[in-house]
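K.L.:
For reference, the structure I am asking about is given below.
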Amino acid sequence: MTVDQLSTSRVQISIDLSHKGRQIGDLRARWSDNHVPGGYYLTPIASLSRGEGPTLLITGGVHGDEFEGPAALMRLLNDLDITHINGRIIIIPALNAPAIAESSRVSSIDGLNMNRAFPGDPDGSPVQMIAHYVEAELLPQCDAAIDLHSGGKASVFVTCALADVDPESPSGSANLALVKAFAAPYLWVAGPGNDDRSLNAAAARQKVPMIAAELGGGGSCNPDETDFAEAAIRRCLSHLEILPKHGDIPTPRITPLAVKETFIAPASGLFDRKFKVGDKVEKGQSAGWIHFIHEPERPSLPLVFGRCGTVLAVSNRGMLERGDLIAIIAEHCQIRDL
Ligand SMILES: [Zn+2]
């Protein structure tokens, strides 16, 4: 095993991504704390490479309480036959590996949200070092990227791809083609408000076509979502011609949604919900109540939707703090060629 020191990053990689074949190793960020005083922070990485086709980077576990994506990536790593591959598939099933180990959105090592850490910092904390490595070293080697999320413990999303499909964007058309191949029932259209510290934003800066996905949520490992993700990635691999095509990919029915409102809790208390993710709601419709369970004499606070739309995401929590997410409301929009 060779460990190559990369020029601008402190992160070392224990495999050579330019080599052909099936390789499994680690990204190694040197880090010292009580747990590993003189050791490394390890992020497992796999490369399946054969032939001269394109490179797809697939990541999961950016948030450590979202398990459907990592599970689908482990299935693919177990099952993909390298003799069928023309190109390179780089798989990182747990980009925030300590967070996954803790079943926590962020890791206790540095408390940072990986999807708010890009473009990263080569001299920063483990999450910042890994984010920097991904943006500065890994993405420039890739022709496309897919990042698998779900709502985690805190929320539940409709099954959707998230992408910038603006035809004026450098990767807009390629992103839309990936969205079609992924074939989730919904497309969350990333607009100008998309956070520039996300992995999507990193890929856009590096001009690499990319989609993210939200695969339900709730903090467990939903088999329907994992099955869907596994098949969706295989369709994307066929679309990119890294795997052979098995007939035409059927044209899916995808509903594009643009986020219009984040509905947050106006008070702390027990969220008694009267709607589900994916529901179509009307302005003025009851969304439930906040009950003041520790002050039963206090009247419950009615919650009312402020606009009509589709519920893209909903809180998965019972007890809410004032300001916590209640729901993300989106509206159908028109996307050319979808
Ligand atoms: Zn996530």
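K.L.:
Determine whether the range 122-140 contains at least one residue that is at pLDDT 95 or above and more than 30 Å from residue 33 (Cα to Cα).
P.N.:
Yes, some residue in the range 122-140 is at pLDDT 95 or above and more than 30 Å from residue 33 (Cα to Cα).
K.L.:
To continue, here is another question. Hey, residue 259 hits all of (1) under 23 Å from residue 180 (Cβ atoms); (2) away from the ligand (no atom under 16 Å from the Cβ) but one; which does it fall short on?
P.N.:
(2)
K.L.:
Okay, moving on. Please determine, by comparing only the residues of the range 72-98 that are of a type in the set (A, V, I, L, M, F, W, C) and part of a loop (DSSP other than H, G, I, E, B), which one is farthest from the ligand (Cβ to nearest atom).
P.N.:
Per the criteria, the residue is 85.
K.L.:
Scan the range 53-71 for residues that are outside any strand (DSSP E or B), under 23 Å from residue 135 (Cα atoms) and away from the ligand (no atom under 14 Å from the Cβ) and report the count.
P.N.:
2
K.L.:
Return the residues of the range 279-338 that are on the phi > 0 side of the Ramachandran plot and touching a Phe, Trp or Tyr at 6+ places or on another chain (Cβ under 9 Å); say none if nothing qualifies. I'd like the intermediate steps shown before the answer.
P.N.:
Pass one, the range 279-338, residues on the phi > 0 side of the Ramachandran plot: 284, 288, 309, 323, 337.
Of everything in the range 279-338, those that are on the phi > 0 side of the Ramachandran plot and touching a Phe, Trp or Tyr at 6+ places or on another chain (Cβ under 9 Å) turn out to be 284, 288.
K.L.:
A further question follows. Could you tell me which residue of the range 37-52 is nearest to the ligand (Cβ to nearest atom), considering only residues that are over 20 Å from residue 86 (Cβ atoms) and touching a residue at least 40 places away in the same chain (Cβ under 8 Å)?
P.N.:
The residue in question is 43.
K.L.:
Mind listing just one residue for me: the one in the range 108-132 that is crowded, with 24+ Cβ neighbours inside 10 Å and within 18 Å of residue 26 (Cα to Cα) and, of those, nearest to the ligand (Cβ to nearest atom)?
P.N.:
114
K.L.:
Only residues that are touching a residue at least 12 places away in the same chain (Cβ under 8 Å) and basic (Lys, Arg): list them for the range 264-307, please.
P.N.:
273, 274, 276, 280, 283, 307
K.L.:
Answer yes if at least one residue in the range 215-235 is part of a strand (DSSP E or B) and buried (at least 24 other Cβ atoms within 10 Å of the Cβ), and no otherwise. Give the steps one after another, and end with the answer.
P.N.:
Step one: of the range 215-235, the residues part of a strand (DSSP E or B) are 217.
Right, trim to buried (at least 24 other Cβ atoms within 10 Å of the Cβ) and you get 217.
Yes, because at least one residue in the range 215-235 is part of a strand (DSSP E or B) and buried (at least 24 other Cβ atoms within 10 Å of the Cβ).
K.L.:
Step by step: first the residues of the range 195-214, then only those that are within 14 Å of the ligand (Cβ to nearest atom) and in a loop (DSSP other than H, G, I, E, B), then the one that is surrounded by the most Cβ atoms within 10 Å (Cβ to Cβ). Which residue is that?
P.N.:
Here the residue is 198.
The values are calculated or read from the model by the stated rules, or taken from the named source; none is laboratory data. Here the structure is a predicted model, which means the values were calculated and not measured. Virtual Cβ from ideal backbone geometry, glycine too; neighbours counted across all protein chains shown.
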